[in-house]
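Derivation of every value follows stated rules applied to the coordinates shown; laboratory data play no part. Keep in mind that this is a model prediction, so the values were computed, not measured. In this analysis, Cβ positions are derived from the backbone assuming ideal geometry, glycine residues included, and neighbour counts consider all displayed protein chains.
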Amino acid sequence: MHTNLLTIGAFAKASRLSPKALRLYDELDLLRPARVDPDTGYRYYAVGQLERARLVAWLRRIGMPLARIREVCALEPAAAAREIRAYWARVEAETAVRRDLAAFLVDHLSEDPRKDDTVLELRYFAHSDRGRIRPANQDTAYAGTRLLAVADGFGPAGAPASSAAVAALRFLDTEELPAGNVLNLLEEAVQGATEALRDATDGSDDNGTTLTALVWTGSRLALVHIGDSRAYLLRDGELFRITHDHTVVQSMIDEGRLTEEEATAHPQRSLLLKALGTGTPDLRLHDATPGDRYLLCSDGLSSVVPEPRIRELLASGTGPDETVRTLVAEANTAGGPDNVSCVVADVVESR
């Protein structure tokens, strides 16, 4: 009666899925049995279903949610491979954030309270420029004792959007911020910035802003980032980008469908996947050392000035104010197609 069909027990053993899991996947329409006995309700599976079952088992082992597995299983193999690659890129990014936080907690709990650490501070400068083409400036740049921020607004109310987002974070500039609580505090501040954005734009979906900010605790910098503005670190002459663009083009690079070189000329290179209020921002901590130089910038700089040239200008030995003006001038010399905003901050020992 059940020729060429496997019982649920035999199929579970062959696919390395438990009968309990198979019953769940049946209920979720993820892996339906080939036949269900109308009298006993007993499930039978075809041998040809083993490949899909094993794929489900493998995807569960890498932690993929069931809803995402259903989508992947419905795709052709090449498309499924791209989805798995994109999923794992996100897992690695999230793991990096948790790793940074775990490392901080280990260091924080292991510190000798009697240790006389060097007192550090920031020296900083911020400037925003309309550029050569745009009729108005929708960027906002800010630098203070504890807060560094760049926001790039878009839409008819882009300027109020970026201004409101940064203004909502400015209370962080005046408070003592213990490193152990700063990420929680920053996350709450971003929620306030999201509400301020909605008030400034009357909740319109046509308006929004990116947001990239660093908050100084006295020994570490807490980063919040969403969108395609960027943060860079110059350390020992090497330039590191410490943010990840939330754009369609960057997702294509992550999935292996586009190279970095191809991305620079892609027609959708400015199309955002996430902006303030429309996605979860990245949050992480960075240890600071004397001599570090941080750059926050809108894509008006990074889209027209190559990273090797940015590194060269950051490493020129000039102070934050002159460096910022030089970076802005470089973007405008390259055509200035967009508003350009820069914040440069140096980590130095207090005098």
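Just a few scattered comments:
- Annotation for region 21-86: chymotrypsin sites (Phe, Trp or Tyr not before Pro) lying in DSSP loop with at most 14 further Cβ atoms inside 10 Å of their Cβ are 42.
- Sequentially through region 18-27, phi angles give Karplus couplings (6.51, -1.76, 1.60; θ = phi - 60°) of 6, x, 4, 5, 4, 5, 5, 5, 5, 5 Hz, Gly and Pro residues having no value and appearing as x.
- Applied to region 215-220, the Karplus parametrisation 6.51 cos²θ - 1.76 cosθ + 1.60 on θ = phi - 60° returns per-residue 3J(HN,Hα) values of 10, 8, 9, x, 9, 9 Hz, with x for Gly and Pro.
- Using only the C-alpha atoms, the convex hull of region 145-295 corresponds to 117 Å³ per residue.
- Averaging the sequence gap over all C-alpha pairs within less than 8 Å and six or more residues apart, then dividing by the number of residues, gives the chain a relative contact order of 19 percent.
- Taking amide H as placed 1.01 Å from N in the peptide plane, residue 338 has its amide H under 5 Å from the amide H of 132, 133, each at least 5 places away in sequence or on another chain.
- 222 nm mean residue ellipticity, helices alone, for the chain (DSSP H n ≥ 4; -39,500 (n - 2.57); rounded to 500): -12000 deg cm²/dmol
- Region 5-67 - Debye-derived log10 I(q)/I(0), Cα point model, q = 0.25 Å⁻¹: -1.08
- Ranked 274, 13, criterion: other C-beta atoms within 10 Å, fewest first: 13, 274
- Convex hull per residue volume in Å³, alpha carbons only, for the chain: 176 Å³
- For region 231-292 versus region 137-166, the gap between their alpha-carbon centres in whole angstrom: 18 Å
- Taking amide hydrogens as placed 1.01 Å from N in the peptide plane, the amide H of residue 247 sits under 5 Å from those of 273, each at least 5 positions away in sequence or on another chain.
- 3J(HN,Hα) couplings calculated from phi for region 338-348 with the Karplus curve 6.51 cos²θ - 1.76 cosθ + 1.60 (θ = phi - 60°) are, in sequence order, 9, 4, 10, 10, 9, 10, 10, 9, 9, 8, 10 Hz; Gly and Pro show x.
- GNM flexibility winner over the chain from 211, 276, 24 (Cα, springs under 10 Å): 24
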